[in-house]
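Down below is the structure, laid out as structure tokens.
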Amino acid sequence: MEIKQADYDEIKNWVDHQLQLNTEEKRPAFADRKIRPISFAMYDDQGNVIGGAAAEFHWNALHVSLLGVSKEFRIKGVGSMLINRIEQEARANQCDMVLLETMSYQAPLFYQKLGFQIIGRIGDYPAKGECQYILQKMLNY
């Protein structure tokens, strides 16, 4: 046996397949729940993108992988409107929660004001003195 560097996409697809087989064996009820991407954009009056969010449905959660707002539109409610739209979509798809990550220098307080709770923290990442937060918002029906 030996370990060699390999093509990223090839190995990622192989590992994804192995994990799917494992899920089918150990948790058959989860096997048919595929990851589904979704994204939203906010446009200004001229049709320019001023904010956007990309997320993926994972089992009973909608995971926000990216959210950003143009500098000139920050603190004007654009981010809050995008999160509200994400929550609406999560509820419409019977998700129990919305999950996301943010860095200490980005927007942890913004998300907490919107009802997210910090459920994890990775210290000294992406650099000493910084940290990554994992946040969750349980959805009430």
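The values are calculated or read from the model by the stated rules, or taken from the named source; none is laboratory data. Quantities reported herein were computed from a predicted structural model and do not represent experimental measurements. Backbone-built Cβ (ideal geometry, glycine too); neighbour counts: all protein chains shown.
Any residue in the stretch 55-73 that is within 15 Å of Gln136 (Cα to Cα) sitting within a Cβ distance under 7 Å of a residue that is acidic (Asp, Glu) and outside any loop (DSSP other than H, G, I, E, B)? List the pairs, counting only those 6 or more apart or interchain. As it stands, the answer is Leu62/Glu89; His63/Glu56; Ser65/Glu56, since those pairs meet every condition given. Residue check: Phe40 meets all listed conditions (1) in contact with a Phe, Trp or Tyr (Cβ under 9 Å, 6 or more places away or on another chain); (2) modelled with pLDDT of 95 or more; (3) not small (Gly, Ala, Ser) but one, namely (1).
Within the stretch 17-51, track down each residue that is among the aromatic types (Phe, Trp, Tyr) and in contact with a helix residue (DSSP H, G or I) (Cβ under 7 Å, 6 or more places away or on another chain). Listed by number, the residues that qualify are Phe30, Phe40.
Taking the condition of being outside any strand (DSSP E or B) and in contact with a Ser or Thr (Cβ under 9 Å, 6 or more places away or on another chain), how many residues in the stretch 40-52 meet it? Summing the residues that are outside any strand (DSSP E or B) and in contact with a Ser or Thr (Cβ under 9 Å, 6 or more places away or on another chain) in the stretch 40-52 gives 2. In the stretch 11-30 there is no residue matching the filter, namely being within 21 Å of Gln136 (Cα to Cα) and either β-branched (Val, Ile, Thr) or modelled with pLDDT of 90 or more (or both). When restricted to residues that are touching a residue at least 24 places away in the same chain (Cβ under 8 Å) and over 15 Å from Tyr141 (Cα atoms), the stretch 87-120 contains 12.
Scanning the stretch 82-141 for residues that are among the hydroxyl-bearing types (Ser, Thr, Tyr) and in contact with a strand residue (DSSP E or B) (Cβ under 6 Å, 6 or more places away or on another chain) yields Thr102, Ser104, Tyr111, Tyr125, Tyr133. Do we find a residue being among the basic types (Lys, Arg) and touching a residue at least 12 places away in the same chain (Cβ under 8 Å) anywhere in the stretch 23-37? Yes: one or more hits.
Residues checked against (1) modelled with pLDDT of 95 or more; (2) within 22 Å of Gly51 (Cα to Cα); (3) touching a helix residue (DSSP H, G or I) at 6+ places or on another chain (Cβ under 6 Å):
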position: Ile83; (1), (2), (3): yes, yes, no
position: Leu99; (1), (2), (3): yes, yes, no
position: Thr102; (1), (2), (3): yes, yes, yes
position: Gln117; (1), (2), (3): yes, no, no
position: Leu135; (1), (2), (3): yes, yes, yes
